[in-house]
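See below for the structure under consideration.
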Amino acid sequence: MPPGTAKVFVITGPSGVGKGTLIGQLLKRRPELQLSISATTRDPRPGEADGVEYHFLAPEEFDRRVAAGEFLEHAAYSGNQYGTLRSEVDRRIESGHPVVLEIEIQGAEQIRETMPEAIQVFVAPPEPEFESLKARLVGRGTDSAEAIEGRLAVARHELAAQEHFHHQVVNDSLEHATNQLEAIVAPDLSESSQ
Ligand code: 5GP
């Protein structure tokens, strides 16, 4: 693939839907794909290294980079900031590598504006999972009816967002979902790598 023409694939979906595992499988099958390393203000988990899983930044440094326009998208999630650095994506595209972004939904919505040519894939949980979330929340009996309704409203809102994306993959089984994801990206990968 000539430099500068490689594609960007955005893979998003609700938290806990298994995007990471699915992308891991995809990268094994299509090793020419490169995962963009995001920046975050959260602390590294045991075993995570700076520049490998994430670029771990202090909040002030993250804000400085936001102000300098260094992010393609950024979002607050669970009390921390996460974002995709333009430099991470650009250098891969320039060297002819297709890029995968694994990001949450608000960030993916921004990419639609900042990089409309990116191919967007929404990973959705299988339908029964929504029912089991409801059952779990009701069953544990610790949340008020309002709190449960609030959590379910967030889950419903996230699922409704999937219509904004080009492709939907239901993560019903890892094998099946990986096949679907591979079928989505394959037409945009170079001939030589298929
Ligand atoms: P974790 O802290 O578990 O690694 O990630 C939390 C969430 O942040 C996940 O849904 C993950 O996909 C998302 N995330 C990771 N990197 C980025 C990023 O660069 N931008 C956005 N918007 N979300 C991200």
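The values are calculated or read from the model by the stated rules, or taken from the named source; none is laboratory data. Quick caveat: nothing in here was measured; it's all calculated off a predicted structure. Please note: Cβ atoms are built from the backbone with ideal geometry, for glycine as well, and neighbour counts cover all protein chains shown. Accessible surface is based on the protein model in full, side chains and every heavy atom, while ligands, DNA and RNA are left aside. Shrake-Rupley method; radii C 1.70, N 1.55, O 1.52, S 1.80 Å.
Ignoring ligands and nucleic acids, what accessible area does Arg86 show with a 1.4 Å probe (Å², nearest 10)?
Counting only protein heavy atoms, Arg86 exposes about 90 Å² to solvent.
Counting heavy atoms of the protein chains only and a 1.4 Å probe, report the per residue accessible area for region 14-78 as a whole number of Å². Mind dumping the intermediate values first?
Numbers: 3440 Å² over 65 residues.
Spelled out: the 1.4 Å probe surface of region 14-78, per residue, equals 53 Å².
Per residue, how much accessible surface does region 110-161 expose to a 1.4 Å probe? Answer in Å², no decimals. Intermediate values should be presented prior to the final figure.
On the way: 3080 Å² over 52 residues.
Per-residue accessible area for region 110-161 comes out at 59 Å².
Restricted to Cα positions, what overall size does region 1-88 have along the principal axes? Three whole-Å values, descending.
So the three principal-axis extents are 37, 31, 24 Å.
Suppose each label sits 7 Å from its Cα in the direction of the beta carbon; what would the Asn80-Gln25 distance come out to in nanometres?
Placing both labels 7 Å along Cα→Cβ, they lie 2.6 nm apart.
Rounded to the nearest 500 deg cm²/dmol, what is the calculated helix-only ellipticity per residue at 222 nm for the chain, with -39500 (n - 2.57) per DSSP H run of length n ≥ 4? Walk me through the numbers on the way to the answer.
Numbers: 7 runs with 81 residues, N = 194.
It lands at -13000 deg cm²/dmol.
Name the long-range amide H neighbours of Ala124: under 5 Å, sequence gap of 5 or more, or other chain; modelled H, no Pro or chain starts.
Residues meeting the criterion, in which the H sits 1.01 Å from N, are Val169, Val170, Asn171.
Could you give the nm distance between label points at Lys134 and Arg151, where each point is 7 Å from its Cα heading toward the beta carbon?
1.4
Taking H placed 1.01 Å from N in the peptide plane, check which residues at least 5 places from Leu35 or on another chain put their amide H under 5 Å from its amide H.
Val100
Just to confirm a number: summing +1 for Lys and Arg and -1 for Asp and Glu over residues other than Gln81 whose beta-carbon lies under 13 angstrom from that of Gln81, what do you get?
Working: positive: Arg42, Arg64, Arg65; negative: Asp43, Glu60, Glu61, Asp63, Glu70, Glu73, Glu104.
Once positives and negatives cancel, what remains is -4.
Going out from 0 in 5 Å bins, what whole percent of all Cα-Cα distances in region 52-92 drops into each bin?
Whole-percent P(r) values from 0 Å outward: 6, 22, 34, 27, 10, 2.
Leaving out ligands, DNA and RNA, and with a 1.4 Å probe, what % of the accessible surface on region 115-194 is carbon or sulfur?
On the way: 2570 of 4670 Å².
Result for region 115-194: 55 percent of the exposed heavy-atom area is carbon or sulfur.
With all protein chains present, how much of the accessible area of region 2-87 (probe radius 1.4 Å) comes from carbon and sulfur, to the nearest whole percent? All intermediate terms of the calculation are to be shown ahead of the outcome.
Working: 2210 of 4250 Å².
Accessible surface attributable to carbon and sulfur in region 2-87 totals 52 percent.
Given N residues in the chain, what is Rg(Cα) / (2.2 N^0.38 Å)? Write down the numbers at each step before the final one.
Working: Rg = 17.6 Å, N = 194, 2.2 N^0.38 = 16.3 Å.
Normalised by 2.2 N^0.38 Å, the Cα Rg of the chain equals 1.08.
Any chance you could list the semi-axes, whole Å, largest first, of the equivalent ellipsoid that the Cα gyration tensor gives for region 99-194, using √(5λ)?
Numbers: eigenvalues 206, 58, 14 Å².
Value: 32, 17, 8 Å, ordered largest first.
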